[in-house]
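S.K.: Quick one: the structure is below, and I'll ask about it shortly.
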């Protein structure tokens, strides 16, 4: 089940985060709290069960209608699928890269078609931790400081949408804040 937890930033005052000021699994609360802060969140159906050996082309074909909808509504020119499994050879390096706080020059949109992942958004004086699961679409505006945790044993597939033909390009902040907030267990 999707979940939102909101924490005070406490970046300058503490080595550890404090308790969440709000935690909710209610979709309406999640959408409202994120929308108030400029973050999009929707729940779609993800009816297709992908074959365990599904490649990027077959994943994109299975979700072609959803891809077309997002591209039409938001003008994205590039889409790919990232699929991580517990035995993926690059899982450790990719997890470490995604766990570093960063921004993008463009919006970041992810539609989870399998599994789950944890987006953490560093907005002003708070950190919003969003557990995204199958069927969740999150829309993070350009310039938003954030990080992503796929867990030690990742198991997810997400469609990623880009305006940049180069795809995923991050500007790392070098702030160790991600170390002070919950990770995907």
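S.K.: Expressed as an acute angle from 0 to 90° and rounded to the nearest 10, what is the orientation of the C-alpha long axis of helix 64-74 relative to the principal long axis of the chain?
M.R.: 50
S.K.: Report the calculated FRET efficiency for residue 64 and residue 169 (r = Cβ-Cβ distance, R0 = 25 Å), to the nearest 0.05.
M.R.: Working: r = 25 Å, r/R0 = 1.00.
Between residue 64 and residue 169 the formula returns 0.50.
S.K.: Could you tell me the center-to-center distance, by alpha carbons, between region 125-154 and region 73-91 in angstrom?
M.R.: Each part's Cα centre sits 14 Å from the other's.
S.K.: At a Förster distance of 25 Å, what's the computed FRET efficiency of residue 183 paired with residue 124, Cβ-Cβ distance as r, to 0.05?
M.R.: Values: r = 22 Å, r/R0 = 0.88.
FRET efficiency, residue 183 to residue 124: 0.70.
S.K.: Mind giving me the FRET efficiency for residue 142 and residue 96? R0 is 25 Å, r the Cβ-Cβ distance, nearest 0.05 is fine. List each step's numbers first, then the result.
M.R.: Values: r = 24 Å, r/R0 = 0.94.
FRET efficiency, residue 142 to residue 96: 0.60.
S.K.: Next up: In what sequence, highest mean first, do 123-131, 156-164 appear when ranked by Cβ atoms within 10 angstrom? List each step's numbers first, then the result.
M.R.: Numbers: 123-131: 17.9, 156-164: 19.7.
Put in order of decreasing packing, that is 156-164, 123-131.
S.K.: Put one equal scatterer on each alpha carbon of region 35-77, apply the Debye formula with no solvent term, and list log10 I(q)/I(0) at q = 0.30 1/Å to two decimals.
M.R.: Values returned for q = 0.30 Å⁻¹ are -1.10.
S.K.: Shifting gears a bit: At 222 nm, what helix-only mean residue ellipticity would the chain give, in deg cm²/dmol to the nearest 500, using -39500 (n - 2.57) for each DSSP H run of four or more? Intermediate values should be presented prior to the final figure.
M.R.: Working: 4 runs with 36 residues, N = 185.
Rounded to the nearest 500, it is -5500 deg cm²/dmol.
S.K.: Could you state the angle between the C-alpha long axis of helix 27-36 and the longest principal axis of the C-alpha atoms of the chain, as a value from 0 to 90 degrees rounded to the nearest 10?
M.R.: Between the helix axis and the principal axis of the chain, the angle is about 70 degrees.
S.K.: Could I ask something else about it? Using only the alpha carbon atoms of the chain, find the Kirkwood hydrodynamic radius as the inverse mean reciprocal pair distance, in angstroms to one decimal. Intermediate values should be presented prior to the final figure.
M.R.: Numbers: mean 1/r = 0.0596 Å⁻¹.
After inverting the pairwise mean of 1/r, the radius is 16.8 Å.
Quick note: the coordinates plus some simple rules give every number you see, no bench work behind them. Treat the numbers as computed from the prediction; the structure is a model and nothing was measured. In this analysis, Cβ positions are derived from the backbone assuming ideal geometry, glycine residues included, and neighbour counts consider all displayed protein chains.
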